Structure formats: C-alpha cells, structure tokens
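Below is one structure; the comments refer to it alone.
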Ligand code: FES
Ligand SMILES: [Fe+2]
C-alpha cells in the first residue's frame, strides 16, 4: 500500500510511488505542505506599467491578484471575497483602484482593505469591523531581475537565497548582455490532463525523452538545420532546494535553428556580448535547454520561455506561459524569436503537444487497480561518477541522460511533505474539538 506523503517507493531512492500523480490525499497535502512553503512565480514586472495594474494567477490552488502599488512595489491578494467567497476579480489583467465583488458589492482596494460595503448602515449598523475583513494579503513578495515571486511562509529564506546558484544560469535568460530583458505582452494559458509534477519534473531533468517524444518534429526541423545536429553529450545540473536544469555540450545551436539569417547573426553577436558580460564558460561551454525552479516554475532557455504548472486537482494542470526576450533585441529579431517560441511551446506548439500526449496517456493509466501500486523507475545515472567537463558550473553535474534532477526534486518534495503545516494540525484539533462537542450533546 502506498503512502500519500512518500515519493520514493524504495530506500535506495531509485523508484517512485506512482500514486503521487493521482492520489487526492497527496494532492491536498502538497497544497498545504509544498505550495505554502516555497517561493512561487507570480508574474513579470513588465506586465505592470502603472499603479493599479493587476494580473490574476494562482499560488497552488489559491487564486491571487497581483497588483502594482503606488510606491512601485507589488501586492498579492487572495482573490476570494470575505463575505461568501466569490472571486472579487474575474479578469485576467487590467487596471483598477478598487475590486468590487460581483455578488453583494463589497469593495477592496489594491492593498486588500475592505473600503465599501453597500448599504452598510442599514445592513450592519455598527456591527461590522471592516478593518478585520480585508482580503488576505500574501505576506512576502520579492523580485529577481523582473521576476515576481510570492510566498505564504514568513520563515523561509529570502528569494535570492532560495534561488541560490540557480541565478548563475537564470541570468543567461534574464540578463545575457547587461541590458536586461522584458516580457512579451500577454500570457499563453492552457489546460492539460496530468498532475503538475509531470511537467515540473520533465523540465527539471528529462532530456532523455526528446529523441523519442519529439522525433517527428525534429525530422521536419532537420530540413532547416543546415546539417547541424545537437551533440549526444551534455549535462544535468542538480541544485539545492529541488531546482534543476540541463542542456548540451557546446554546439552551433543558432546555426541549426532554422531562424532567419539576420536573427542567427544577431544571436552570434549576443553570444559575444554574453561572454563579455557573464564570462566565457556561461557563453560558450554549454547550450542550456530546460530547467525547473522548485516547485512549479520552468524554463526553456533557447525558446526564451518561462512557465508555471498550476495544479488543478490530482490529475490536471493549467499552464501559464511567458516569453521573455533580451531588451537589446531589435523588433525583427523579437518577432522571429517569439514565433519560434509559439511554434514549439505555446498552446499550439508542436513540441508542447508532443509532451502533453505523453502526460495524458500516462495519467490515463496511473489510477488503475493494478497500476497504482507499481513503482516507476527513476534510477538513470544513479551511482555514476560526476561529470567534470564543466568545472566553472555550480551544482552537482551529471551527464545529459540522467534522472539525478528528478531524484533531487522528489527528495525536496518528500522533505516538505513530511512536515504537516500548522494549519493542518489546528484543523485536526478543531475537528476533534467539534467531534467531542457532538459526543457531549448526544450523551
Ligand atoms: S460574496 Fe462578495 S460581497 Fe458577498
Ligand atoms: Fe519535451
């Protein structure tokens, strides 16, 4: 019998308990124990141009409104009215000074304070203390080079410490040449069948699937690759806190990309500027491809893509996906790179659909009577000597075909799942108290 809080099905850490992809108790517990204790990506600063601009998203299963304050900082508010729980903001984005609940009209300002209650005198007299009934505010919001993160946890380290050495790699997307980056307006959103961890763990460490899952798309694209193919060697990088990323040994990625000659030429120049700004190793030694910031933010470096896998129950996810481009890129290059991202990894992207197909069919079989207790093999690369080809790269480095990152991802997940959240224990105490009262009444 599997355990809802255990990722690993064996003591050696080679196999994964597959019920973590379908079990509803596991899902509820990870909302409480994983999503409440980690830094979660919310939005990009480029989505907010003036005070009152807002964007609605999720922290785990909790809907939140991210707003820009007058002082240039950001708030995140739980998007659920304190009267009957209605979503006070039903737009994806916009500008507002007050969020008025559609149900009975309570209004909240962008700090979350309850500022209007229709017909308050006749309805409540003096009995409603509006200062106690504001929207719940996310207590910590921090940013890194345009990325806005939030957490419910007041105890965990700062965002910069949480990311740690991930910033060494992240900077290749967010600030490759010292001029920073900006987000393309509008966020792609789509739903898929499959637990959120299927996306997060694949982007964290799975290069192995590409040659099989994406073979058809690769054959079509090979016609534009000028005979240049990726090497069969590369790296996976496992970092503390469950973060991971991977890529190939250096090769002429942009030459093989099939993008316009002008874009390929611009990218070659960018690589030179990256070498001047971030050093030779980051600019030249590897081509980073995929990665995950634990728990559910993932990146695709060559597609300039950042996405979040929002959990939607144990067997469904909703992806929010952004395209983040170097600020120095001219319009024609931006257009080319944006189309390249959309063709591959937006809702209609060929590679995106390849991945979704695998997660859909795996999910269809996760919850069978015979399948649910059958562990899955995550042992690739276990016990192998470290990859020493990238001495300047921080982290534990393995070869490109390895599941070290997935194992580290699930170790972190299991650590967090081992400790009940304080709200769970107080809820249990409340339930026990209520049951005791019922027993007294009945006796
Ligand atoms: S539910 Fe929002 S005002 Fe009643
Ligand atoms: Fe893929």
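The values are calculated or read from the model by the stated rules, or taken from the named source; none is laboratory data. Fair warning: this is a prediction, and the values are worked out from it, not measured in the lab. All Cβ positions, glycine included, derive from the backbone under ideal geometry; neighbour counts span all protein chains shown.
Remarks
- Residue match in the range 134-143 (condition: farther than 25 Å from residue 55 by Cβ, in contact with a strand residue (DSSP E or B) (Cβ under 9 Å, 6 or more places away or on another chain) and more than 16 Å from ligand 2 (Cβ to nearest atom)): no
- Residue in the range 153-187 that is surrounded by the fewest Cβ atoms within 10 Å (Cβ to Cβ), counting only those that are in contact with a strand residue (DSSP E or B) (Cβ under 7 Å, 6 or more places away or on another chain) and closer than 17 Å to residue 37 by Cβ: 154
- On inspection, residue 52 does not qualify as surrounded by fewer than 22 Cβ atoms within 10 Å (Cβ to Cβ), at positive phi, at pLDDT 95 or above and under 23 Å from the mean Cα position of the chain (by Cα).
- Subset of the range 91-108 [free of Cβ contacts under 8 Å to residues at least 24 places away in the same chain and either part of a loop (DSSP other than H, G, I, E, B) or within 16 Å of ligand 2 (Cβ to nearest atom) (or both)]: 101, 102, 103, 104, 105
- Among the residues of the range 58-108, those that are surrounded by fewer than 19 Cβ atoms within 10 Å (Cβ to Cβ), on the phi > 0 side of the Ramachandran plot and more than 9 Å from ligand 1 (Cβ to nearest atom) comprise 72, 94.
- Scanning the range 392-443 for residues that are exposed (fewer than 11 other Cβ atoms within 10 Å of the Cβ) and at pLDDT 95 or above yields 392, 418.
- Taken as a whole, the range 246-259 holds at least one residue that is crowded, with 19+ Cβ neighbours inside 10 Å, under 24 Å from residue 160 (Cα atoms) and in contact with a strand residue (DSSP E or B) (Cβ under 9 Å, 6 or more places away or on another chain).
- For the range 109-133, the tally of residues that are under 39 Å from the mean Cα position of the chain (by Cα), in a helix (DSSP H, G or I) and surrounded by 10 or more Cβ atoms within 10 Å (Cβ to Cβ) stands at 1.
- Residue 358 falls short on exactly one of the conditions (1) part of a helix (DSSP H, G or I); (2) more than 16 Å from ligand 2 (Cβ to nearest atom), and that condition is (2).
- If you go through the range 200-233 and keep only what is over 13 Å from residue 354 (Cβ atoms), modelled with pLDDT of 95 or more and surrounded by 16 or more Cβ atoms within 10 Å (Cβ to Cβ), you end up with 200, 201, 203, 204, 205, 207, 208.
- Matching residues, the range 142-176, being touching a helix residue (DSSP H, G or I) at 6+ places or on another chain (Cβ under 9 Å) and under 16 Å from residue 64 (Cβ atoms): 142, 143, 147, 148, 149, 151
- Annotation note: Cβ proximity below 9 Å between a residue of the range 198-213 that is closer than 17 Å to residue 361 by Cα and a residue that is near ligand 2 (Cβ under 7 Å from one of its atoms) and not in a helix (DSSP H, G or I) (sequence gap 6+ or interchain) occurs for 202/209.
- In this entry, residue 159 is excluded by the filter for residues that are under 20 Å from residue 73 (Cβ atoms) and in the same structural domain as residue 244 (by TED's automatic domain parsing).
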